[in-house]
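**Q** Below you will find the structure I want to go over with you.
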Amino acid sequence: MLKVGLTGGIGAGKSEVSRLLVECGAVLIDADRIAREVVAPGTPGLAAVVDAFGTEVLAADGSLDRPKLGSIVFADADRLAVLNSIVHPLVGARSRELESAAAEDSVVVHDVPLLTENGLAPLYDVVVVVDASPETQLDRLVRLRGMTEQDARARMAAQATRDKRREIADIVVDNDVPLEELRQRVRDVWDELVRRAHAPRKAP
């Protein structure tokens, strides 16, 4: 099994690359999706969040009110740390569970938005970074996601720098290109991942 960490800045096209890798045959473990699952209604994760932050973070239907919780934690580093201490272990445990269920010869791609920020590169055999110019990121966030330019720039600035992401990369996918060209680049990356998956491993 080859464990791949996939990351990239907001608007770089990481989700598209993960989708294309799945088309090639990768097993995808999506950290954002798992983070939503572990605090779904009825879960111990949601109960722990409510214990820590109060019922004000619940929507009328009993689900987590993400915008409300976000407004609390992103303005307060200590409260964000509390939230992370609840959610991150649950995400990690579920990710390991899904990984262990994959076939032994799989290429398992962990889609982890904050891989660089949280220093997680050592957990993976290969780190793939999806990269795009700041101009491309900004255009996609404003044009495709409907963000204001101010919000988009703030979100970009809150993440690790482009250089920091590229520093931890074993493979960089440059995504300042049309979809068809990206598709070919991802196929090339897939071929390299399969080659690495079947290469003899050095003894520790």
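**Q** Write down the accessible area per residue of the chain in Å², having rolled a 1.4 Å probe over the full set of protein chains. Please list the in-between numbers first.
**A** Numbers: 11310 Å² over 204 residues.
The answer is 55 Å² per residue.
**Q** Estimate the FRET efficiency between Asp174 and Arg36 by the formula 1/(1 + (r/R0)^6), using the beta-carbon distance for r and 25 Å for R0, to the nearest 0.05.
**A** On the way: r = 30 Å, r/R0 = 1.19.
Taking R0 as 25 Å, the efficiency between Asp174 and Arg36 is 0.25.
**Q** Let me ask something additional. Need the list of aspartates and glutamates near Lys164 for cross-linking: C-alpha distance under 13 angstrom, and skip anything on the same chain fewer than eight residues off.
**A** Once the sequence-local aspartates and glutamates are set aside, what remains near Lys164 is Glu117, Asp131.
**Q** Using a 1.4 Å probe and ignoring any ligands, DNA or RNA, find the accessible area of Leu64 and quote it in Å² to the nearest 10.
**A** 30
**Q** Tell me, what % of the accessible area of the chain is carbon and sulfur with a 1.4 angstrom probe? Could you put the intermediate results ahead of the total?
**A** On the way: 5980 of 11310 Å².
Roughly 53 percent of what the probe reaches on the chain is carbon or sulfur.
**Q** Follow-up question, since we're still on this one. Pairs of alpha-carbon atoms within less than 8 angstrom and 6+ residues apart define the contacts here; what relative contact order does region 11-107 have, in percent?
**A** Numbers: 62 pairs, mean separation 32.7, N = 97.
Answer for region 11-107 is 34 percent.
**Q** Right, here's the next one. Enter the accessible area of Arg79 (Å², nearest 10), with the probe set to 1.4 Å and all protein chains included.
**A** So the heavy atoms of Arg79 present about 80 Å² to solvent.
**Q** Applying a 10 Å radius around every beta-carbon, put 15-24, 148-157 in order of their mean neighbour count, most first. Can you show the working numbers first?
**A** On the way: 15-24: 17.8, 148-157: 13.4.
Final packing ranking: 15-24, 148-157.
**Q** Using θ = phi - 60° and the Karplus form 6.51 cos²θ - 1.76 cosθ + 1.60, what ³J(HN,Hα) does each residue of region 48-64 get, whole Hz, x for Gly and Pro?
**A** Computed from phi, the couplings for region 48-64 are 5, 5, 5, 4, 7, 10, x, 5, 5, 8, 9, 7, 4, 8, x, 7, 6 Hz.
**Q** Moving on. Skipping prolines and chain starts, which residues have an amide H placed within reach, meaning under 5 Å, of the one on Leu58, given they are 5 or more residues away or on another chain?
**A** Answer set, sorted by chain and number: Asp65.
**Q** Run through every distinct alpha carbon pair of region 36-141 and return the Kirkwood hydrodynamic radius in angstroms, one decimal place. Numbers along the way, then the final one.
**A** Values: mean 1/r = 0.0614 Å⁻¹.
Mean inverse Cα-Cα distance, inverted, gives 16.3 Å.
**Q** Same structure, new question: Each residue of region 128-139 in turn: what ³J(HN,Hα) in whole Hz from Karplus with 6.51, -1.76, 1.60 and θ = phi - 60°, glycine and Pro shown as x?
**A** 3J(HN,Hα) across region 128-139, in whole Hz: 10, 10, 8, 10, 8, 5, x, 5, 5, 4, 4, 4.
**Q** Along the charge dipole of the chain, which of Ala59, Val82, Leu179 sits closest to the positive end, that is, farthest toward it, with unit charges on the beta carbon of Lys, Arg, Asp and Glu (+1, +1, -1, -1)?
**A** Val82
**Q** Report Glu135's accessible area, 1.4 Å probe, all protein chains in place, as a number in Å² to the nearest 10.
**A** Here the accessible area works out near 130 Å².
**Q** What distance in nm separates the simple spin-label points at Ile72 and Met1, each placed 7 Å from Cα in the Cβ direction?
**A** Here the modelled spin labels are 3.5 nm apart.
**Q** Gain in length, Ser133 to Glu56, computed as 0.36 nm per residue apart minus the alpha-carbon separation, to one decimal in nm?
**A** 23.8 nm
**Q** In addition: With every protein chain kept in the model, how would you rank Lys68, Lys164 by accessible area, 1.4 Å probe, largest at the top? Could you put the intermediate results ahead of the total?
**A** Details: Lys68 80, Lys164 110 Å².
I get Lys164, Lys68, largest accessible area first.
**Q** Hey, another quick one. Can you tell me the dipole magnitude for region 117-169 around its Cα centre, using point charges on the Cβ only (Lys, Arg +1; Asp, Glu -1), in Debye to the nearest 20?
**A** Details: 9 positive and 9 negative charges, 29 e Å.
Charge dipole, region 117-169, about its Cα centre: 140 debye, nearest 20.
**Q** Return the percentage of antiparallel bridges among DSSP beta bridges fully within the chain, rounded to the nearest 5 %.
**A** On the way: 1 of 19 bridges.
Taking every DSSP beta bridge with both residues in the chain, the antiparallel ones total about 5 percent.
**Q** So, with +1 on the Cβ of K and R and -1 on the Cβ of D and E, and no other charges, what is the size of the charge dipole of the chain about its Cα centre, to the nearest 20 debye?
**A** Working: 26 positive and 33 negative charges, 34 e Å.
Approximately 160 debye in magnitude.
**Q** Here is a follow-up. Can you give the FRET efficiency to the nearest 0.05 for Glu23 and Arg145, using r as the Cβ-Cβ distance and R₀ = 25 Å?
**A** Details: r = 23 Å, r/R0 = 0.92.
Step by step, r from the Cβ atoms, then E = 0.60.
The values are calculated or read from the model by the stated rules, or taken from the named source; none is laboratory data. Nothing here was measured: the structure is a model prediction, and the numbers come from that model. Reconstructed Cβ throughout: ideal geometry from the backbone, glycine too, with neighbour counts over all protein chains shown. SASA here: full protein model, heavy atoms, side chains in, ligands and nucleic acids out. Shrake-Rupley method; radii C 1.70, N 1.55, O 1.52, S 1.80 Å.
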